Amino acid sequence: EVQLVESGGGLVQPGRSLKLSCAASGFTFSGYYMAWVRQAPKKGLEWVASISYEGDTIYYGDSVKGRFTISRDNAKSTLYLQMNSLRSEDTATYYCARHYVYYGGSYFDYWGQGVMVTVSS
Amino acid sequence: DIQMTQSPASLSASLGETVSIDCLPSEGISNDLAWYQQKSGKSPQLLIYAASRLQDGVPSRFSGSRSGTRYSLQISGMQPEDEADYFCQQSYRYPPTFGGGTNLELK
């Protein structure tokens, strides 16, 4: 059974940093792209970042580019999101998702339960 | 970025009614479209990928289709457990973008 378990969320002041983790199990972690998707309270879904199988190809959304860093440790089957210079608009539930990539497209086929990040003074 | 215009924003359906939700991308996406269901307080779940392919384990009353540039999710026979928010998502080009969502309620 595929499981994705996020951790590391919480309350943080504007301008500070936070690092999220996502522990994966039930599949061959290195065989899949992985992603972070967030959802502000009562809002829709926003893709944040994706990382390739070995971490050599990375994509970021414009709203987090230069502030957030996605990374992975295939030996530990763990995905990370380092978030720096946090802003109030980064307040959201952050989901770890398996990003299934096929020829021509992709989709998020498994999601974690989400972790809340609140940026406030 | 490719904009995804989803309609309607909210919908109320009776038990057994057939429901349709639409997504209109701002440019062609060549069937690179997925649909997700998100129940209250839960994480999203994949329903449909590549516009019309049913994800394993998803009930067959859910289906996806395309007519011209418009993509649709259909629920053939509304059930109480189908009350949820629904989102479309394109993957034709980065960044992946989502529609604004449709809130579906049981009448």
Can you name the strands (runs of 3 or more DSSP E) wholly within region B:68-107 that have at least 1 residues being away from chain A (no Cβ under 14 Å) and farther than 21 Å from residue A:64 by Cβ? B:70-76, B:102-106
Of those in region A:23-38 that are over 17 Å from residue B:96 (Cβ atoms) and not small (Gly, Ala, Ser), the residue nearest to the other protein chains (Cβ to nearest Cβ) is A:27
Hits in region B:57-107 (condition: of a type in the set (Asp, Glu) and at positive phi): none
Does region A:59-111 hold any residues that are part of a strand (DSSP E or B), away from chain B (no Cβ under 14 Å), polar (S, T, N, Q) and touching a Gly at 6+ places or on another chain (Cβ under 9 Å), and which are they? A:71
Across region A:39-75, which residue is nearest to residue A:115 (Cα to Cα) among those that are in contact with a Lys or Arg (Cβ under 6 Å, 6 or more places away or on another chain) and hydrophobic (A, V, I, L, M, F, W, C)? A:48
Kindly provide the set of residues from region B:13-32 that are over 15 Å from the mean Cα position of the chain (by Cα) and surrounded by fewer than 17 Cβ atoms within 10 Å (Cβ to Cβ), ordered by number. B:14, B:15, B:16, B:17, B:26, B:27, B:28, B:30
Those residues of region A:39-58 which are more than 11 Å from chain B (Cβ to nearest Cβ) and closer than 30 Å to residue B:103 by Cβ, in sequence order: A:40, A:41
Which of (1) within 14 Å of chain B (Cβ to nearest Cβ); (2) under 24 Å from residue B:40 (Cα atoms) is the odd one out, the single condition residue A:117 does not satisfy? (1)
Pick from region B:33-46 the residues that are within 13 Å of the chain's Cα centre (by Cα) and facing chain A (nearest Cβ under 10 Å): which of them is farthest from residue B:81 (Cα to Cα)? B:33
Restricting the first residue to region B:49-63 and requiring it to be within 21 Å of residue B:29 (Cβ to Cβ), which pairs with a second residue that is outside any strand (DSSP E or B) meet a Cβ separation below 6 Å and a spacing of at least six or different chains? B:50/B:31; B:51/B:31
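None of the figures in this text is laboratory data; all of them are computed from the coordinates on show. Keep in mind that this is a model prediction, so the values were computed, not measured. Note that we place each Cβ from the backbone using ideal geometry, even for glycine, and neighbour counts take in every protein chain shown.
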